[in-house]
1. Looking at (1) buried (at least 24 other Cβ atoms within 10 Å of the Cβ); (2) of a type in the set (S, T, Y); (3) closer than 19 Å to A:I371 by Cβ, which one does A:S7 not meet, given that it meets all the others?
2. Tell me whether the stretch A:72-79 contains one or more residues that are assigned to a loop (DSSP other than H, G, I, E, B) and out of contact with any His (no Cβ under 8 Å at 6 or more places or on another chain).
3. Inspect all residues belonging to the stretch B:96-115 and state whether any of them is under 29 Å from A:P310 (Cβ atoms) and more than 10 Å from every other protein chain (Cβ to nearest Cβ).
4. Say we look at the stretch A:445-456 and pick out the residues that are at pLDDT below 95, crowded, with 24+ Cβ neighbours inside 10 Å and part of a loop (DSSP other than H, G, I, E, B); which of these is farthest from the other protein chains (Cβ to nearest Cβ)?
5. Between A:L211, A:L275, which is crowded, with 19+ Cβ neighbours inside 10 Å and in the same structural domain as A:A124 (by TED's automatic domain parsing)?
6. Does A:G15 satisfy being of a type outside the set (V, I, T) and on the phi > 0 side of the Ramachandran plot?
7. Could you list all residues from the stretch A:531-553 that are buried (at least 18 other Cβ atoms within 10 Å of the Cβ), within 39 Å of the chain's Cα centre (by Cα) and without any contact (Cβ under 8 Å) to a residue 60 or more places away in the chain?
8. Just give me the residues in the stretch B:10-33 being hydrophobic (A, V, I, L, M, F, W, C), modelled with pLDDT under 95 and not in a helix (DSSP H, G or I), in sequence order.
Amino acid sequence: MERVLMSGNEAVARGAWESGVEVATAYPGTPSTEILQNIALYDDVYAEWSSNEKVALDTAIGAAYAGKRALAAMKHVGLNVASEALFYSSYTGVNAGLVIVNADDPGLHSSQNEQDNRQYARFARVPMLEPSDSQEAKSFVKLSLELSEQYDTPVLLRMTTRTSHSKTAVTLGERQSLEKRPYLKDMAKYVMLPALARNRHDVVEARTAQLRQLAEEIEINRIEMGERWLGIISGGIAYEYAREVFPEASYLKLGMAWPLPEKLIRDFAASVERLIVVEELDPFIEEWVRGLDIKVEGKSIFPLVDELTPDRVRNAALRSGLLVGNGPPTDRHQPDTDSLPLRPPVLCAGCGHRDVYWTLNKLKLTVNSDIGCYALGALPPLNATDTIGAMGASIGVAMGMRLADLEYKNVATIGDSTFFHSGLPALASAVYNRTPVTVIVLDNRTTGMTGHQGHPGSGQTLSGRRTELISAAEVSRAMGVRYVTEVDARDLKGMEKAIREATDAGEPAVVVVRSVCMFESQHNREPYAVIAEDCNGCTLCFRIGCPAITKSEELDEKTQRPKARIDPAMCVGCGLCFDVCARQAIEEGAEKVLVT
Amino acid sequence: MNPTNFVLAGVGGQGTILASDVVAQTGLHIGLDAKKSEVHGMAQRGGAVISHVRWAENVASPLCEKGTADYLIAQEMLESLRWMDFLRPGGTVIISHQHWPPTSTVFATATYPSDEEILSAYRKLTDKVLLVDAVGIADRLNNRRVANSVLIGALSSVMDVSPEDWLSVLTSRVPVRHQDINREAFFAGRDGQWLLKS
């Protein structure tokens, strides 16, 4: 069999295909996005971007009810959105297998928090498997679907940023072909009216008891005996780090994160002298083991906050005396990297979001922002954001601030994909209650931050088909917003006027700012250039935070400040610097000649 | 067998992840186990990017520990310095002689370090510093995207893996029409004519 390098996300997709999954749904979110992108490459699986995670999970649940194996994928905070669906599907169970792939983001590489979603498995009474590498990711998808059918439950598969985005070797298999399982109407099972749901709660608790028994026997929970002075319970990527730092120790490797195996843990604890848990984020296993009245250590040694790395595991072990010696020469030549110029992510050169935040700064408005590329408007030098919480939160928070003080000049900024994800219900509430909120939709017709996925306002599906494009302006009008304007991001004057009028309107107002994403399209001008003799180094153009604008070596004679320089390799010809320069010291790029 | 550890660094959009794919896949190609790890998403928007690759008979962690990288390959001068603490004393550092000042340097608070500052920092750690004019070579070949192949060629010149092994992986990762130019870039990197200083 062929052995290839695959990311965990590619391996999940491959596992879904091999296991005969026929319906796969998701809303994009780092680090889970590539799962559906890769599933979409297989012709024999229906794959879609749903408008949000709850819709994705409801859809996958429906497919499983109807008898086809299904998968829904989302990032950890996406499961918050989909949590209602998780909880009812735990009660109803499935018919064909359903795997819910959840990707946590320890270390907050691309998220607003680092919640540990193992808690959801316990909370919703749903089994959870947790792979340590791509091979396990693939085989655990298959196992999840089998358990789902066997125990009549959705199964959570917990990925993390490191298992999703690491590439490790995978042995490929063939696609399993499965018969559709017949759907039989069964109100007692699928209709969650209170009287019926109460009975299902009994079913769920009985199922959990059976799953506890399964956890004692399942192969993916295994003891690997080494030296007896140290016994380590671990799972997921933390297991690999522990293996690296304590190669001689004994291990209880838990491929099943929930439910946990009481007897197996007791046996393992009895066979080692010192028991520790190495786990990322919450002391989930540790507290459960302590609840069994077993002596165990974990977060007293290893950090609870931030992702683990082999360095952090080793340094924590050294500090606590668990390891003795120097380890690798980690601290011997620590260079002073703190003083280096930072290179945080930035809005791309030419990105229309920059024009919006420049204008909002000029108008001195309070900005309630949202999740997406435009969150980068919060970073220096723009600093043009007051609040960011979660997908779709901008509109509600903006309404609340306005209601607390009707004189407050604030706006919600929300991207087009986020607007369709969870902005619409908030806007409906604004119209219903006549809340004078201003919503600026930053419409670049793509889901930018996660790598340019389609959405209901993009006109293109995951499989690349053209489809109906829902216009943010039209849908706002249809919902009863009377003040709706559309402006181009490059029309600074028009945008400023529209935003002023919207915030003065005294009623719900929507300003749709259209722009093109630099990954999808381009501006129609060649690079701009600084006219050195006219530039006096005033720094105004620096303040738009464009990565193409840097300091030149040349100083202005009078001010002794460095003049600006535009890197022609990076400038894409948007012209915002030209518009903001007060001395006309920037030369417009020539119009692009279109080669056809 | 001790693992061979690589750290690749660059700026989002430079192709660091593709280059690390080639290194990881070459490990598998020569019969070893290989793992690699990096972070996608927000970190790629023009931000600093780091990718880890490890080769061994059996690799556990996909992440290298600080002070253990045998090879540090940087696609940008400042970014080489940012991850310097991963390099093992005596390890090899391969740096593309390219300067890409981040926006934080336009304000007086942060200064882009000089070549001399960067190189002397490395000389305290190792005498194996290869400064490569990868972009210059790529420009001469009329395709800036092959700068990565120049760096992989340079890496191949200091490792005991045959050029055929590297090339079979490298050329499998680019479209057929770009295979020749990537091969040319690889050998330009490998034969060392690019060396600016060492």
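1. (3)
2. no
3. yes
4. A:T446
5. The match here is A:L211.
6. The answer is no for A:G15.
7. Across the stretch A:531-553, the qualifying residues are A:C541, A:I549, A:T550, A:K551.
8. Within the stretch B:10-33, just B:V11 meets the criteria.
The values are calculated or read from the model by the stated rules, or taken from the named source; none is laboratory data. Model, not experiment: these values are computed from the prediction. Every residue, glycine as well, gets a Cβ built from its backbone with ideal geometry; the counts of neighbours run over all protein chains shown.
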